[in-house]
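Participant: A single structure is presented below for examination.
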Amino acid sequence: QTWKTDLWSGAGTPKQSGDPGAKTPNHPLPQPPGFAAMTGKTAPPATEPSPAAPKKEPAPTPKEEPAPAPAAEEPPAPEHPPAAEQPTAPADKSASVPTAEATPTPEEGPPAPPAEPQTSAPEPKPEKSKEEPPSCPLSLAVEEVSENSVTLTWKAPEQTGQSGLDGYVVEICKDGSTEWTAVNKEPFLSTRYTIQDLSSGEKIHVRVKAVSASGAGVPATLEQPVLIREILQLPRIRMPRHLRQTYVRHVGDAVNMMIPFQGKPQPKVIWTKGDQPLDTSRVNIRNTDKDTIFYIREAQRSDSGKYELAVQINGAEDKATLDIRVIEPPSPPQNLKLVDVWGFNVALEWTPPVDNGNSEIKGYLVQKSDKKSGKWFTALERCTRTSCTISDLIIGNTYSFRVFAENACGLSEKAAVTSGVAHIKKTKTAYQPEKIPQRDMMEPPKFTQPLTDRTTTRGYSTHLFCCVRGFPQPKIIWMKNQMEIREDPKYIAMIEQGVCSLEIRKPSPFDGGIYTCKAVNPLGEASVDCKLDVKGKM
């Protein structure tokens, strides 16, 4: 039976080699002499044994064990535990700690210092992560190349950090070299940059870094080197649509036109008018590398005409013509005359104006004024002929007339006025009444429309009608059953324009009978009758 001693815990477990079921005594094992003096500690109480401890292989010697962690992590044991309260160490724990084959005796000399228990060392706390630099700029591309410069564009990086971007740094490296040189001294925030003062014909590599407070990020680099040389482009004038037709302005207006063009290297711009250079006292020209500006402060009629624009590059040329017309109101018409006056009408005639204002005459405006009011009223608008007829004049009035000429700029400032006036005379007519032969109009009464039989309903008013003529106007007498109807409120008799009517208000069956209308005048009499039947309500 081999006694294995746990030097750290101070508890021994008797275990027979090859006997996994050996029990551990409940009393503490004796500690080697000098143990407390060497370690300065008191062995902790042993733990309860496992009910079924698996068989363990012999533990390696202390020399083969790696350096254990300090024992300060173990809880201290009581200095004098009672014998009944000291359980033995479990078999699995004894197999995991270094053990000795035999317990040293006091005669063998001072024992070796106990091996530290093998526990995992505390992991160091991770340092606070620093802010990461910005990511790589996106879509780095060459926008334009000239004989001594190159223009780059890119997009902002996806990640800029919490503090944001301070800007970008552009670096170049000549082809065949490994030395990168910053072009800009200070970071800038624009995503477009032009590298100046480059030598024509050389190749350069370009990269762009995003910079923030945490440092510079990964640079974006062009895949291919850039060859610094001018890219030739034929000249071409891009005439705006509204300038492709005649450009019309009024006298005194400003003329300001910008005409873009393209071409590389920068083309030469030449303006002429009638194959002659422009008058710089009247026209101002300003050219850039992409357009030309034509400016006249106050346009005059003399500025009208066709201007030629030529853009040239090394023998290549593109031309365009600009037609400018400066207009003003026309002069008044000439030789306005009153040709004829008859009845309520006047005929006028004139000739076109001497000056049309550099624009086609669209028509004429004719006005009239009567002597009584002195006000001018428009008689005709946009008259396209040089003659007209004014009608519907008032008899007895005296009229004057004037004519304006009209073009695209408007009416002429002055008008042509007739030298004479037109007087609409009153025609003298004598009224001669027509002689009508006397005719005898006397006529005895005669009914042109007789009475008609009627059937009505009790309680509903009804009317009887007939028509009579005669001269002098006959007297009308209404009768019922040969009895004259006098002032009875039940009956209302009327005659108008020879139409006789009798209203019977709310008749009853007793109102039925024979009704007679009799007309009497000095020349005779006439009568008509009808039957009225009144029925009771259903």
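Participant: Conditions: (1) farther than 30 Å from Gly176 by Cα; (2) modelled with pLDDT under 90. Trp271 meets all but one. Number of the miss?
Facilitator: Condition not satisfied by Trp271: (2).
Participant: When the range 485-517 is examined, which residues are found to be of a type outside the set (A, V, I, L, M) and more than 21 Å from Asp453 (Cβ to Cβ)?
Facilitator: Arg486, Glu487, Asp488, Pro489, Glu496, Gln497, Gly498
Participant: Which of the strands (runs of 3 or more DSSP E) contained wholly in the range 285-397 include at least 2 residues that are basic (Lys, Arg)?
Facilitator: Here the list reads 316-327.
Participant: Kindly establish whether Lys290 is of a type in the set (D, E, K, R) and open to solvent by less than 70 Å² (accessible area, probe 1.4 Å).
Facilitator: For Lys290, the condition - of a type in the set (D, E, K, R) and open to solvent by less than 70 Å² (accessible area, probe 1.4 Å) - is not met.
Participant: Filter the range 359-376 for residues that are within 52 Å of the chain's Cα centre (by Cα) and open to solvent by 50 Å² or more (accessible area, probe 1.4 Å) and give the result.
Facilitator: Glu360, Lys362, Trp376
Participant: To continue, here is another question. When you check Leu365 against the structure, is it at negative phi and free of Cβ contacts under 8 Å to residues at least 60 places away in the same chain, yes or no?
Facilitator: yes
Participant: To continue, here is another question. Outside the structural domain of Met258 (by the TED database), open to solvent by less than 50 Å² (accessible area, probe 1.4 Å), without any contact (Cβ under 8 Å) to a residue 24 or more places away in the chain and out of contact with any Gly (no Cβ under 6 Å at 6 or more places or on another chain): which single residue out of Ala415, Ala379, Ala347, Ala405 fits that description?
Facilitator: The conditions single out Ala379.
Participant: From the list Asp340, Asp392, Asp323, which one is among the acidic types (Asp, Glu), under 50 Å from the mean Cα position of the chain (by Cα) and open to solvent by 20 Å² or more (accessible area, probe 1.4 Å)?
Facilitator: Going through Asp340, Asp392, Asp323 in turn, just one is among the acidic types (Asp, Glu), under 50 Å from the mean Cα position of the chain (by Cα) and open to solvent by 20 Å² or more (accessible area, probe 1.4 Å): Asp323.
Participant: Please verify whether Tyr295 is open to solvent by 20 Å² or more (accessible area, probe 1.4 Å) and farther than 19 Å from Gln262 by Cβ, treating the condition exactly as stated.
Facilitator: yes
Participant: Considering the range 471-491 alone, what residues qualify as being of a type outside the set (Asp, Glu), in a loop (DSSP other than H, G, I, E, B) and within 16 Å of Glu503 (Cα to Cα)?
Facilitator: Ile485, Arg486, Pro489, Lys490
Participant: Can you tell me which residue in the range 300-315 is modelled with the lowest pLDDT, limited to those that are over 19 Å from Gln245 (Cα atoms) and in contact with a strand residue (DSSP E or B) (Cβ under 7 Å, 6 or more places away or on another chain)?
Facilitator: Here the answer is Ile313.
Participant: Then there is this: If I ask for residues that are assigned to a loop (DSSP other than H, G, I, E, B), surrounded by 12 or more Cβ atoms within 10 Å (Cβ to Cβ) and of a type in the set (A, V, I, L, M, F, W, C), which ones from the range 418-470 would you list?
Facilitator: If the condition is that a residue be assigned to a loop (DSSP other than H, G, I, E, B), surrounded by 12 or more Cβ atoms within 10 Å (Cβ to Cβ) and of a type in the set (A, V, I, L, M, F, W, C), then Val421, Ile424, Leu451 are the ones that fit.
Participant: Scan the range 203-250 residue by residue and report those that are assigned to a loop (DSSP other than H, G, I, E, B), without any contact (Cβ under 8 Å) to a residue 60 or more places away in the chain and surrounded by 14 or more Cβ atoms within 10 Å (Cβ to Cβ).
Facilitator: Residue satisfying the conditions is Pro225 alone.
Participant: Right, something else. Is it the case, given these coordinates, that Lys155 is in contact with a His (Cβ under 8 Å, 6 or more places away or on another chain) and open to solvent by 80 Å² or more (accessible area, probe 1.4 Å)?
Facilitator: When the stated conditions are applied, Lys155 does not pass them.
Participant: Test each condition in (1) free of Cβ contacts under 8 Å to residues at least 24 places away in the same chain; (2) open to solvent by less than 40 Å² (accessible area, probe 1.4 Å); (3) of a type outside the set (Ser, Thr, Tyr) for Glu484 and report the one that comes out false.
Facilitator: Failing condition for Glu484: (2).
The values are calculated or read from the model by the stated rules, or taken from the named source; none is laboratory data. All of these numbers come straight from a predicted model, not from anything done at the bench. Positions of Cβ are generated from backbone atoms using ideal geometry, with glycine treated the same way; all protein chains shown enter the neighbour counts. Side chains included, ligands, DNA and RNA excluded: accessible areas come from the protein's heavy atoms. Shrake-Rupley method; radii C 1.70, N 1.55, O 1.52, S 1.80 Å.
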